[in-house]
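So the structure is just underneath, and the comments pick up after that.
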Amino acid sequence: MNLSSVIAEKMVFGGKCLAKIDNKNVFIPFAVPGEKLEIEITKSFRDYDEAKIVRVLEASPERVQPACPLYGRCGGCNMMHIDFGRQIELKKSVLAELMERAGVKIPQIEVVSGSPLAYRSRFQLHDGGMEGRGTNEVVPIDSCLVAVPEINGWLKACPMRERPKGRGLLFGHKSAQPELSLALEREARPEQKAYKKMSAKEKKKHGKKRPMGRFEGVSQNEQCPVQIELCGKKILFDAQGFFQSNIKVLEKAIPFVTQGLSGKNALDLYSGAGTFSVFLADCFENVVMVEHNRGALVFAEQNMAGKPHESYGISGADFVKKNVQSLVERIGNFDAAVVDPPRSGMEREALDWLCSSRIPVIKYLSCNPSTQARDIKRLSDAGYSVSDIRLLDFYPQTSHIESLLTCVLA
């Protein structure tokens, strides 16, 4: 075993800590900046190495004993070994560095956070358990410290042997109708001994996938509609699609999305089920929703019923290519835009158009601050400045960062 002693210098995007051996970068999970560690290299690449901690030689005062007995084995949390207050500060430093590296000038980062535990309403199961960290192992669980009581109630009531195979999405919340919903992947896989993705060859061998049976006590349909109350409004969405997991932080974040916005036309680009559009409709005469997932847009239409709006079930790129010019000629320019793209960031065509649109205010939400920083740099070069930046701590105990930036035209 080839061991080395290093100092963890800083945390980088993704939650690992950076150290150096002979001027080569080494990335170490489950470390805390400032610690002296004995490590073993697990993977070596031309420009960097990956390592694991063999022994903590000098622990950081911010290191704590993880409360979960499955920590490190389960593929979920990766910052539970760090004091919660320090977790927030580390995420802020990572977000600030990403913006700085992209050449984006930002004000002081504000934080929107909630409880460090019992916050997660959306829960993904793999053959009834959790997916192991870096493996295909299925980790059996009967409760989870970050899950809301509705999720834990189901986990305790339904033994592993009775849970559905394949990938399942649980959504539970005290204000939701139904209070708990279990949605299985649309085409269930044949039973396998361990959760893993099937190769094209395996898919051909198994042929058509058989549908899963119905499980008592849960909602399981082609679409699993769930209705939840957010800031006094009822929002309908598909449990099989995407919806935020931390409802309390989402309710805190929504006012910052609409803060200071008003006028005739608002654009909700990558609108999903229309969560933000519902609140934008209180501030604008007309809301335009653009969402490539037409299943989500069906729910958006229901959520926006009775409110002046238009919707386009196409990608942001196609909206710009095919619709935006005639739309603006007909209704006038937008007074504000809210964009919430996937992890890959905005499509080039959509970003190019936004840069030239002269929309006075753009609110940009992101689940990937790396691509967000790239896009904000383009907007900055086009004359926008960042007037407000907020770290949305939707996933405590993990390194996941979501952020909301307000860009104003200079």
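The values are calculated or read from the model by the stated rules, or taken from the named source; none is laboratory data. Computed from a predicted model, the values in this text were never measured in an experiment. Reconstructed Cβ throughout: ideal geometry from the backbone, glycine too, with neighbour counts over all protein chains shown. Only protein heavy atoms, including side chains, enter the accessible area calculation; ligands, DNA and RNA are left aside. Shrake-Rupley method; radii C 1.70, N 1.55, O 1.52, S 1.80 Å.
Ignoring ligands, DNA and RNA, what percent of the accessible area of segment 4-71 is carbon or sulfur (1.4 Å)? Present the calculation step by step, with values, prior to reporting the outcome.
Details: 1890 of 3850 Å².
Here carbon and sulfur together make up 49 percent of the probe-accessible area.
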Considering only protein heavy atoms and a 1.4 Å probe, what is the carbon-and-sulfur percentage of the accessible area of segment 322-373? 48
Out of all DSSP beta bridges in the chain, what portion is antiparallel? Express it as a percent rounded to 5. 70
Long-range amide H partners of Ser315 with built H, under 5 Å: none
Too-long pairs where the Cα-Cα distance tops 20 Å, listed order kept, from Lys92/Lys174; Lys20/Lys52; Lys156/Lys233; Lys16/Lys105: Lys92/Lys174; Lys156/Lys233; Lys16/Lys105
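Can you pull out the chymotrypsin sites (Phe, Trp or Tyr not before Pro) in segment 1-50 that DSSP calls coil and that have at most 10 other Cβ atoms within 10 Å? All intermediate terms of the calculation are to be shown ahead of the outcome.
Details: sites: Phe13, Phe27, Phe30, Phe45, Tyr48; in loops: Phe13, Phe30, Phe45.
Sites meeting the loop and neighbour criteria: Phe45.
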GNM top mover of Arg343, Arg167, Arg378 - the chain, alpha-carbon springs below 10 Å: Arg343
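In Å², what does the accessible area per residue of the chain work out to with a 1.4 Å probe?
Details: 19270 Å² over 410 residues.
Result: 47 Å² of accessible area for each residue.
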Do any trypsin sites (Lys or Arg not before Pro) in segment 103-154 lie in a DSSP loop with no more than 14 other beta carbon atoms within 10 Å, and if so, which? Lys105
Looking at segment 20-98, which trypsin sites (Lys or Arg not before Pro) are DSSP coil and have at most 12 other C-beta atoms within 10 Å of their C-beta? Arg46
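Do the sum for the chain: with -39,500 (n - 2.57) for every DSSP H run of n ≥ 4, divided by all residues, what is the mean residue ellipticity at 222 nm, to the nearest 500 deg cm²/dmol? Present the calculation step by step, with values, prior to reporting the outcome.
Values: 10 runs with 101 residues, N = 410.
The helix contribution divided over the chain gives -7500 deg cm²/dmol.
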